[in-house]
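Heads up: the structure comes next, in structure tokens.
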Amino acid sequence: MLPVRFEDDRIFPHLRTSQGLELRLLTDTGGGGVYLTPQCARRHGLRTATSLVDGTVCVVAGVPDLIPQHRAAMAGVSAPLSVHQGSGIEDCDGLLGQSWFDNRVWRFDHVHQRLELLDGAESGPEPTAVCSLGFQRRPDGSRANAFPRISAAVDGERLDLLLDTGATAYPTRSGGRGRGTSFIAASVFARWRARHAHWRVIGDGDARFHEPMIEVPTVRVAGLDVGPAWFTRRPDRNFHEFMSAWMDRRVDGALGGSVLRYLVVVVDHPREVARFGA
């Protein structure tokens, strides 16, 4: 079990370095790789350098030296790490993205506030509802990345969504504090509003992008009904074009902490399934 804290429907491992400093990282299945913020690199005294990564000049740094009890959290992370100020992670030291989760089995237990890396041979006893996950593939059939697509339903409409544990909104009244959300494309948001004028909407709900948020009474995932859950509107192109380019099919948004908060979820990358329990 990793040393984590569940904060406003997001999950943060709190790792300790050999120098006695804390490393607070956001777990984000919808994020790219593993990286640190520039502020974190400076605080930990990490040497930075420029390097060519996939044809792009990047700032990189070494992996912080963790105490023995916490080193397993960074097992398999390639060095050096990217250092940049990624959108949405200004309130932590960095991000553990999709590549960190790949090829392993994870239990996200929002109910009991635990994050566990499971042995590859087990898929966890608690969750019982099962659904398949979709991943983009290369021409040879191998997985191109570890961005998981999951199907859910709202108001009887099936939606393909990115499973995104790091989806973050900055509610206008939060004083700049981020919290877990789910995202939905503007065209779907408009359909929901047209059909359900009584659903709660906060017009300028997300202070960062000045987008509205809508409270959906029920979301069905793998046959389980949970809710209510907040979805933050995003432009269609963010998901229909940009994010869909990394998925196995077009997605309409992201399923994040505002829905996952009700669930125990085992994400089994080798088997490409997710198991859910409420």
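Electrostatic bookkeeping for residue 43 treats Lys and Arg as +1 and Asp and Glu as -1; over the other residues with beta carbon under 12 Å from its beta carbon, the sum is 0.
Per-residue extension of 0.36 nm, minus the Cα-Cα distance of residue 112 and residue 190, leaves a gain of 24.6 nm for this segment.
On full extension, the segment bounded by residue 1 and residue 58 gains 17.3 nm, given 0.36 nm per residue less the C-alpha separation.
Taking other residues whose beta carbon is less than 12 angstrom from the beta carbon of residue 257, and scoring Lys, Arg as +1 and Asp, Glu as -1, yields -2. Projecting label points 7 angstrom from Cα along Cα→Cβ for residue 177 and residue 65 puts them 3.6 nm apart.
Think of each Lys and Arg Cβ as +1 and each Asp and Glu Cβ as -1; about the Cα centre, that makes the dipole of the chain roughly 260 debye. Here the residues 220, 249, ranked from fewest to most Cβ neighbours within 10 Å of their Cβ, fall in the order 249, 220. On full extension, the segment bounded by residue 24 and residue 153 gains 43.1 nm, given 0.36 nm per residue less the C-alpha separation. Using the average count of surrounding beta-carbon atoms within 10 Å as a protection proxy, the listed peptides 62-73, 7-18 rank, highest first, as 7-18, 62-73. Its Cα centre serving as origin, the range 4-101 has a Cβ charge dipole (Lys and Arg +1, Asp and Glu -1) of approximately 380 debye.
First select every other residue whose beta carbon is under 12 angstrom from the beta carbon of residue 164; then total the charges, Lys and Arg +1, Asp and Glu -1. Value of the local net charge: +1. The translational diffusion coefficient of the chain, from Stokes-Einstein at 10 °C and 1.306 mPa s with a Kirkwood hydrodynamic radius over alpha carbon pairs, comes to 82 µm²/s. For the chain, adding -39500 (n - 2.57) for each run of n ≥ 4 DSSP H residues and dividing by the number of residues yields -2000 deg cm²/dmol at 222 nm. Just checking the listed ones, 166, 156, 31: in the Gaussian network model of the chain with Cα springs under 10 Å, the one fluctuating most is 156.
Counting every other Cβ atom within 10 Å of each residue's Cβ, 170, 35 order from fewest to most as 170, 35. Note on 218, 181, 37: ascending count of other Cβ atoms within 10 Å places them as 218, 37, 181, the fewest first.
Starting from the Kirkwood radius over alpha-carbon pairs of the range 122-277, derive D by Stokes-Einstein at 20 °C in a medium of 1.002 mPa s and give it in µm² s⁻¹. D = 134 µm²/s.
For the chain, the longest principal axis of the alpha carbon atoms and the long axis of helix 186-195 meet at an angle near 30°.
No value in this document is a laboratory result; all are computed from the given coordinates. Note that the coordinates shown come from a computational prediction; the quantities given were computed from them, not determined experimentally. Virtual Cβ from ideal backbone geometry, glycine too; neighbours counted across all protein chains shown.
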